[in-house]
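The block underneath contains the structure these notes are about, expressed in C-alpha cells.
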Amino acid sequence: MINLEKIFADGIDTSFLLEIGLRSAIMFLLILTILRLSGRRGVRQLTLFEVAIIIGLGSAAGDPMFQEDIPIFYAVVVFICVIAIYKMITWITSKSEKVAQMLEGKVLPVVKDGVFDIKNENDNTFSRMEFFSELRNLNVEHLGQVKEGVLEVDGTMSVLFYPDEETKYGLPLFPSSYKEVDINMNEGPFACMHCGNVLTQIIDGMPHCPRCKRTKWAKAMNSKRV
C-alpha cells in the first residue's frame, strides 16, 4: 500500500512552516525586483542568454525558500552577481556584433520573394513544419503573399507582405491545400513542396524542381490576403 502520509508529510517540522511562507514571500519579491532591474518590461520569447539568467535566478531563489540552513543573504549575493554579469554582457553585446551573435544567435532568413530560403535549410533552429505553423499564425495562406520573412533571435517570425496587386502564385501552407498532385493529371502552375519554387508548367519527363531537385509538387495558389 502507498503511504500517502509518508509521501506528503513525513518529517515535517510544523514550527518551520511559517518561516517557509515568509522566506517564499521575500524571495518572490526579490525575484520581481531583480527582473525589473534587468530592464525588461515583460516576457515574450526569451533568448538563450536570458533563459540562462532565469534558470540561474530560479535556482538561487528556490533553495532558500524551504531550506533552513541556507540564509536568504546568500541568495541576495547571487542575485547581485547575476544581474551585474547580465548588465555587463548586455553592454558588451551592444558594442560587439560578433559577441551578440555568439550569445543570442542571428536573424535567420526564411522566405525571400515568395520561396523558402534553402541556403539555410541545414540550420536546425526550426523544422519546415514549424515555419508553416508560424506563417499560418500570421494569416499567410501561401508563400506567394510573402515578400520576405525572417526568424528573429527570440524565436518570433517577422514578415513583409506583397501588396494585393503584386501577389504571386505560391506554395499553399494549410493542410487542406498542401497536398501532392500528379503533375501529368493537373494543370499548372505547380509549387515545389520543399522550397516553394513555382513553375507554370512542367515538361514531361522532368519532374525535378530546378531549384532544390525535389520531385513533389502541390497546386500553387495566388489568392489575395484577407
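The values are calculated or read from the model by the stated rules, or taken from the named source; none is laboratory data. Owing to the predicted nature of the structure, the values given are computational and were not obtained by experimental measurement. Neighbour counts are summed over all protein chains in view; Cβ atoms, including those assigned to glycine, are modelled from backbone coordinates with ideal geometry. SASA here: full protein model, heavy atoms, side chains in, ligands and nucleic acids out. Shrake-Rupley method; radii C 1.70, N 1.55, O 1.52, S 1.80 Å.
Mean separation of Cα pairs under 8 Å and 6+ residues apart, divided by the residue count of the chain: what relative contact order is that in percent?
15 percent
Using θ = phi - 60° and the Karplus relation 6.51 cos²θ - 1.76 cosθ + 1.60, list the HN-Hα couplings for region 78-90 in order, rounded to whole Hz, with x at every Gly or Pro.
Ordered by residue, 3J(HN,Hα) equals 4, 4, 4, 5, 5, 5, 5, 5, 4, 5, 5, 5, 4 Hz.
Among (1) 1.29; (2) 1.53; (3) 0.94, which is the computed Cα Rg over 2.2 N^0.38 Å?
(2)
Return the distance in nm (one decimal) between the two label points of a simple spin-label model at LYS106 and ILE2, each offset 7 Å from Cα along Cα→Cβ.
Label-label distance for LYS106 and ILE2, simple model: 5.2 nm.
Can you figure out the FRET efficiency of MET185 with ARG128, using R₀ = 35 Å and their beta-carbon distance, to the nearest 0.05?
For MET185 and ARG128, the calculated efficiency is 0.85.
Residue-wise, which Karplus ³J(HN,Hα) couplings in Hz belong to region 132-138, taking 6.51 cos²θ - 1.76 cosθ + 1.60, θ = phi - 60°, and x for glycine or proline?
Once θ is set to phi - 60°, the couplings for region 132-138 become 4, 4, 4, 5, 4, 5, 9 Hz.
Compute the separation of the alpha-carbon centres of region 162-226 and region 91-110 and state it in Å as a whole number.
For region 162-226 versus region 91-110, the Cα centre distance is 35 Å.
At a probe radius of 1.4 Å, what is the per-residue accessible area of LYS106, in Å² to the nearest 10?
Accessible area, nearest 10 Å²: 140 Å².
Return the carbon/sulfur percentage of the accessible area of the chain, one whole number, probe 1.4 Å, all protein chains in place.
That share works out to 59 percent.
Which far-off residues, 5 or more places away or on another chain, put their amide H under 5 Å from the one on TRP217, with H placed in the peptide plane?
VAL181, MET193
Students often check this: by mean Cβ neighbours within 10 Å, which of 51-57, 170-176 ranks highest, and how do the rest follow?
170-176, 51-57
What residue among CYS195, CYS81, CYS209 has the largest mean-square fluctuation in a Gaussian network model of the chain, using Cα springs under 10 Å?
CYS81
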